[in-house]
1. Might you check whether a residue that is within 11 Å of another protein chain (Cβ to nearest Cβ) and open to solvent by 50 Å² or more (accessible area, probe 1.4 Å) occurs anywhere in region A:70-89?
2. Out of region A:59-71, which residues are in a loop (DSSP other than H, G, I, E, B) and touching a Lys or Arg at 6+ places or on another chain (Cβ under 8 Å)?
3. State which residue is farthest from the chain's Cα centre (by Cα) when the search covers only region B:1-21 and only residues that are closer than 30 Å to A:G58 by Cβ and assigned to a loop (DSSP other than H, G, I, E, B).
4. Of the conditions (1) exposed (fewer than 15 other Cβ atoms within 10 Å of the Cβ); (2) touching a helix residue (DSSP H, G or I) at 6+ places or on another chain (Cβ under 9 Å), B:S59 satisfies every one except a single condition; which number is it?
5. Is it the case that region B:66-74 has a residue that's polar (S, T, N, Q), out of contact with any Asp or Glu (no Cβ under 7 Å at 6 or more places or on another chain), away from every other protein chain (no Cβ under 14 Å) and in a loop (DSSP other than H, G, I, E, B)?
6. Given the options A:E59, A:E27, name the one that is within 14 Å of another protein chain (Cβ to nearest Cβ), without any contact (Cβ under 8 Å) to a residue 24 or more places away in the chain and charged (D, E, K, R).
7. Give the residue, chosen from B:Q109, B:Q104, that is in contact with a Gly (Cβ under 8 Å, 6 or more places away or on another chain) and open to solvent by 50 Å² or more (accessible area, probe 1.4 Å).
8. Which ones in region A:49-63 are over 23 Å from B:S94 (Cβ atoms) and of a type outside the set (V, I, T)?
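The values are calculated or read from the model by the stated rules, or taken from the named source; none is laboratory data. Computed from a prediction, not measured in an experiment: that's the story for all the values here. Every residue, glycine among them, receives a Cβ derived from its backbone with ideal geometry; neighbour counts consider all protein chains shown. With ligands, DNA and RNA removed, areas are computed over all heavy atoms of the protein, side chains included. Shrake-Rupley method; radii C 1.70, N 1.55, O 1.52, S 1.80 Å.
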Amino acid sequence: DAGITQSPRHKVTETGTPVTLRCHQTENHRYMYWYRQDPGHGLRLIHYSYGVKDTDKGEVSDGYSVSRSKTEDFLLTLESATSSQTSVYFCAISSGGLAGVWGSYNEQFFGPGTRLTVL
Amino acid sequence: KQEVTQIPAALSVPEGENLVLNCSFTDSAIYNLQWFRQDPGKGLTSLLLIQSSQREQTSGRLNASLDKSSGRSTLYIAASQPGDSATYLCAVISGNTGKLIFGQGTTLQVKP
């Protein structure tokens, strides 16, 4: 199994509080992703990173921010949690393709997930 | 906009049957297609990755095929077992972000 851990694994918080989720990898992969999984919507990309300090938005990025100061860590922050952010959050990693050659893109591996409940 | 559809949404079969799960996508300009397994309350386990230049991949009792021109992939499971019971997800990579676009999944139950 790919070395990916997520913390915390479960969290209950109240509306309006800030929350930070952590993804840690031991694979030295370049690319890291945050997805959320919701019934009826499946898995959707929130943010992704293509290197240290290099991040970009996914399709459901509103209300979320990310940071990547080291190759191994990718943080997802909910600045002011809302009930609509109750979800299961998954981190994923990939070594990626050769620069500019996406046809050789590699597998994505997922972490165990964080179940977040916002009351 | 790329959309991925999986049919059927749920499937129940007796142990030992060979079965096929279907995945279709609307834009044939994909880089890769990846099949995952998800057990209840768990993360996603990668089963097979098919690169855009490939037609199929095999791993044990699993065989995945890809037909880019028709926008279809199938996951074939041979001699199904109760331990195969899970939700199976397909996802495609298109565009240059490497992001996966997922189908809604097929929930498989294999009865002893």
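1. no
2. Those that are in a loop (DSSP other than H, G, I, E, B) and touching a Lys or Arg at 6+ places or on another chain (Cβ under 8 Å): A:E59, A:V60, A:T71.
3. B:K1
4. Condition (2) is where B:S59 drops out.
5. yes
6. Only one candidate qualifies: A:E59.
7. B:Q104
8. Passing the criteria: A:K53, A:G63.
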